[in-house]
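Engineer: What follows is a structure written as structure tokens; I'll ask about it next.
The values are calculated or read from the model by the stated rules, or taken from the named source; none is laboratory data. No experiment lies behind these values; they were computed from the predicted model shown. Here Cβ is always computed from backbone atoms with ideal geometry, including for glycine, and neighbour counts include all displayed protein chains. The accessibility values were calculated without ligands, DNA or RNA, using every heavy atom of the protein model including side chains. Shrake-Rupley method; radii C 1.70, N 1.55, O 1.52, S 1.80 Å.
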Amino acid sequence: MIKLPTGPAICYSGYREGQSPVEKLYPSHGEIAEDLTILRDHWSLLRLYDCGAHAQRVLEIIRRDRLPFRVLLGAHLAAEVNNPACPWGGMYADQQLEANRAENDAETQRLISLATRYPDIVFAVSVGNEAMVDWTDHLLPIERMIALVRRVKAHLPQPVTFCENYIPWRHQLLDLAAELDFISLHTYPVWEYKNAHEAIDYTRENYHSVASLYHTKPVIITEAGWTTGSNGRGIEPHNASQAFQTIYLEKLLAWTRNENVLTFIFEAFDESWKGSNDPLEPEKHWGLYTVDRQPKAFIAGWESSKTFVSPLPPESQPIAPSASLG
């Protein structure tokens with residue numbers, strides 16, 4: 001059983017108002033340094049989603065300023081096949097798909113290069129994110145994913161994973177799971193119309209439905225959170241609030257600490273570039289801080305009460321085998 005670091009973990013993407021990875025408008029070194037200063041007192045582990053300019057700057061600043069973070073570094077993979085089941089797109093011209101394959105090869109190489117350059121900071125890598133679930137707009141064939149995972153494992157000593165919604169891990173990703181060092185799942189009860197009071201039981205069910213299948217590998221959660229705003233697209237507006245985010249996260253963190261399940265909260269800061277142009281688009285409001293870096297209720301309450309669990313030092317204890325958690 002491999003060992004992974006433990007402690008409070010959060011997904012970090014630092015795009016501010018007017019910035020976007022799509023437009024290649026990235027946070028500056030100074031803005032990222034400000035974000036990491038905000039996060040350092042509460043979080044010891046960060047998850048990054050790609051290997052572009054944003055991730056490169058984050059890693060540079062962590063090393064330059066000797067910040068106490070370790071990183072799960074991800075590769076962003078674009079669609080290599082069409083997915084007519086995607087509700088918001090997923091269909092591309094053959095020329096675009098061919099270009100995506102070349103870019104995915106380049107992104108995979110960037111993942112290898114950055115993890116090699118920062119072995120003291122990057123504790124593990126993820127070859128892609130939500131690229132196999134039914135609704136994804138960046139679908140890859142499982143054979144291609146396996147090939148990319150094998151390529152990365154051949155070049156890196158760090159553990160290798162793939163981050164995906166909990167449902168595909170239960171049936172369609174068994175062959176891919178066999179290639180991975182640990183399993184990383186996402187669980188979002190609010191997207192499945194659960195309220196904040198029943199959501200933690202649903203999250204536990206999601207987790208154990210996967211962990212019970214993989215007895216020789218750690219199973220962690222790489223995304224779980226609660227949006228604080230919605231226009232009704234996929235999430236009922238009355239179910240999105242700072243109060244409900246606080247209820248869910250307090251229960252989530254209590255459970256995952258008790259069972260020693262490494263869990264990355266989604267996410268650090270609101271990101272206005274995501275989703276539609278509607279200001280209440282739910283994709284824009286998952287942060288524990290607003291896009292202008294103001295703390296929401298969960299953080300404000302934690303900082304005033306001092307009841308939140310303080311970070312554990314990296315490597316303080318191994319992740320428990322999934323067999324003992326299922």
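Engineer: Is it true that residue 127 is assigned to a helix (DSSP H, G or I) and surrounded by 22 or more Cβ atoms within 10 Å (Cβ to Cβ)?
Structural biologist: When the stated conditions are applied, residue 127 does not pass them.
Engineer: Kindly provide the set of residues from region 64-111 that are more than 22 Å from residue 160 (Cα to Cα) and either among the basic types (Lys, Arg) or in a strand (DSSP E or B) (or both), ordered by number.
Structural biologist: Listed by number, the residues that qualify are 64, 66.
Engineer: Just for region 32-63: of the residues that are assigned to a loop (DSSP other than H, G, I, E, B) and without any contact (Cβ under 8 Å) to a residue 60 or more places away in the chain, which one is most open to solvent (accessible area, probe 1.4 Å)?
Structural biologist: Going through the qualifying residues, I end up with 41.
Engineer: Mind listing just one residue for me: the one in region 285-310 that is at pLDDT below 95 and more than 18 Å from residue 256 (Cβ to Cβ) and, of those, most open to solvent (accessible area, probe 1.4 Å)?
Structural biologist: Only one residue tops the list, namely 306.
Engineer: Pick from 164, 143: which is open to solvent by less than 40 Å² (accessible area, probe 1.4 Å) and without any contact (Cβ under 8 Å) to a residue 60 or more places away in the chain?
Structural biologist: That would be 164, the only listed residue that is open to solvent by less than 40 Å² (accessible area, probe 1.4 Å) and without any contact (Cβ under 8 Å) to a residue 60 or more places away in the chain.
Engineer: Test each condition in (1) open to solvent by 60 Å² or more (accessible area, probe 1.4 Å); (2) within 28 Å of residue 59 (Cα to Cα) for residue 106 and report the one that comes out false.
Structural biologist: Result: residue 106 fails condition (1) only.
Engineer: Cβ-Cβ distance below 6 Å, separation of 6 or more or different chains: which pairs start in region 171-199 with a residue that is more than 30 Å from residue 250 (Cβ to Cβ) and end on one that is open to solvent by less than 30 Å² (accessible area, probe 1.4 Å) and in a loop (DSSP other than H, G, I, E, B)?
Structural biologist: As it stands, the answer is 181/159, since those pairs meet every condition given.
Engineer: Shifting gears a bit: Among the numbered criteria (1) more than 21 Å from residue 179 (Cα to Cα); (2) out of contact with any Pro (no Cβ under 9 Å at 6 or more places or on another chain), which single criterion is violated by residue 135?
Structural biologist: With (1) more than 21 Å from residue 179 (Cα to Cα); (2) out of contact with any Pro (no Cβ under 9 Å at 6 or more places or on another chain) applied to residue 135, the lone miss is (2).
Engineer: Kindly establish whether residue 101 is open to solvent by less than 50 Å² (accessible area, probe 1.4 Å), of a type in the set (Lys, Arg) and either modelled with pLDDT of 95 or more or on the phi > 0 side of the Ramachandran plot (or both).
Structural biologist: In short, no.
Engineer: Still on this structure: Please work out if residue 190 is more than 21 Å from residue 287 (Cβ to Cβ), buried (at least 17 other Cβ atoms within 10 Å of the Cβ) and either out of contact with any Cys (no Cβ under 7 Å at 6 or more places or on another chain) or at pLDDT below 95 (or both).
Structural biologist: no
Engineer: Here's something else I'd like to know. Within region 25-66, how many residues turn out to be farther than 20 Å from residue 293 by Cβ and at pLDDT below 95?
Structural biologist: Residues meeting the conditions: 0.
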